[in-house]
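Chemist: Pasting a structure below so you can have a look.
The values are calculated or read from the model by the stated rules, or taken from the named source; none is laboratory data. Only a predicted model underlies this, so the values are computations on that prediction, with no experimental measurement involved. No Cβ is skipped: glycine too gets one built from the backbone with ideal geometry, and neighbour counts run over all protein chains shown.
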């Protein structure tokens, strides 16, 4: 039995869709009604990292689990791993982040991810770490201004990021979950096929939409103000520090891991954008 967490999130929903038929799977979600695309044979159960009873129920009979957490500096990983170990889970595949491998990355989010990786490695269970670069889908945050104004606003528009399609992360995750022994004790950095800048992404979106888009550089203080409406102050500062690392070239490296593990090249930003054009199209 495979347990999937994070099934309504960016990567988790793609993992659910990518599951091959015949795999015995259970999907845990705070709101099970929001789970979409699960196989007819999948079991969907309510579960919350803060509710030990729900974790015990979700983990009963599970051998392999996909772990996605988002509570920065919280104890979600510790709670889940404790329950998983008690339930006899043999292998945990964790969604982490590429920044953990950068010795110059010392922001709050990266320190938290490193700590959660350490918890898993020390758990006594088998483990695999998936470390993606930024999700291509992060550019969906541009959709409102693209639809209304034909404008993309972002920090450091000429800095490159080897961002990755969430579908590629999901395909790798499914391969690991269905053959965990082959990947035991491995950590995989996942990127797209090339590094792209926000200016280049803006141009590609404009070409696909058939309308000119303008890029406007955000000043750091403006970015801080915008992000403060969505994130706590410590997370905002971590995001700003992360953006500085990108400006300095820390996120431009390209890995061939998707090709090596799936047998096909990673999807490009244009590939991703072609499937999401309605989000950027004026109503």
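Chemist: Let me confirm something: among 118, 168, which residue is within 15 Å of the chain's Cα centre (by Cα), at pLDDT 95 or above and assigned to a helix (DSSP H, G or I)?
Modeler: 168
Chemist: Moving on to the next point. How about the stretch 184-194: which of its residues are touching a strand residue (DSSP E or B) at 6+ places or on another chain (Cβ under 7 Å) and either assigned to a strand (DSSP E or B) or buried (at least 20 other Cβ atoms within 10 Å of the Cβ) (or both)?
Modeler: 186, 187, 188, 189, 190, 191, 192
Chemist: If we keep just the residues of the stretch 121-147 that are part of a helix (DSSP H, G or I), touching a residue at least 24 places away in the same chain (Cβ under 8 Å) and over 21 Å from the mean Cα position of the chain (by Cα), which is surrounded by the most Cβ atoms within 10 Å (Cβ to Cβ)?
Modeler: 146
Chemist: Among (1) surrounded by 14 or more Cβ atoms within 10 Å (Cβ to Cβ); (2) under 30 Å from residue 84 (Cβ atoms), there is one condition residue 181 misses while meeting the rest; what is its number?
Modeler: If we test residue 181 against (1) surrounded by 14 or more Cβ atoms within 10 Å (Cβ to Cβ); (2) under 30 Å from residue 84 (Cβ atoms), just (1) comes out false.
Chemist: Being closer than 17 Å to residue 13 by Cβ and at pLDDT 95 or above is the filter here, so list the residues in the stretch 66-80 that pass it.
Modeler: Selection gives 66, 67, 68, 69.
Chemist: Enumerate the pairs (first residue in the stretch 261-283 and more than 19 Å from residue 210 (Cα to Cα); second residue anywhere and in a helix (DSSP H, G or I) and at pLDDT 95 or above) with beta-carbon separation below 6 Å, excluding pairs fewer than 6 apart on the same chain, so at least 6 apart or on different chains.
Modeler: The qualifying pairs are 261/172; 261/175; 262/171; 265/259; 266/168; 266/258; 267/168.
Chemist: Within the stretch 247-265, take every residue that is crowded, with 17+ Cβ neighbours inside 10 Å and in contact with a helix residue (DSSP H, G or I) (Cβ under 6 Å, 6 or more places away or on another chain) and give me the one that is farthest from residue 161 (Cα to Cα).
Modeler: Checked the stretch 247-265; the qualifying residue farthest from residue 161 (Cα to Cα) is 261.
Chemist: Report those strands (runs of 3 or more DSSP E) wholly inside the stretch 1-110 carrying at least 1 residues which are in contact (Cβ under 8 Å) with a residue 60 or more places away in the chain and under 17 Å from the mean Cα position of the chain (by Cα).
Modeler: Because the criterion is at least 1 residues that are in contact (Cβ under 8 Å) with a residue 60 or more places away in the chain and under 17 Å from the mean Cα position of the chain (by Cα), the strands (runs of 3 or more DSSP E) in the stretch 1-110 that meet it are 2-4, 64-67, 91-95.
Chemist: Restricting the search to the stretch 218-246, which residues are in contact with a helix residue (DSSP H, G or I) (Cβ under 6 Å, 6 or more places away or on another chain), over 23 Å from residue 151 (Cα atoms) and surrounded by 16 or more Cβ atoms within 10 Å (Cβ to Cβ)?
Modeler: 238
Chemist: Hey, another quick one. Taking residue 98, is it modelled with pLDDT of 95 or more and surrounded by fewer than 18 Cβ atoms within 10 Å (Cβ to Cβ)?
Modeler: Spelling it out, it is not the case that residue 98 is modelled with pLDDT of 95 or more and surrounded by fewer than 18 Cβ atoms within 10 Å (Cβ to Cβ).
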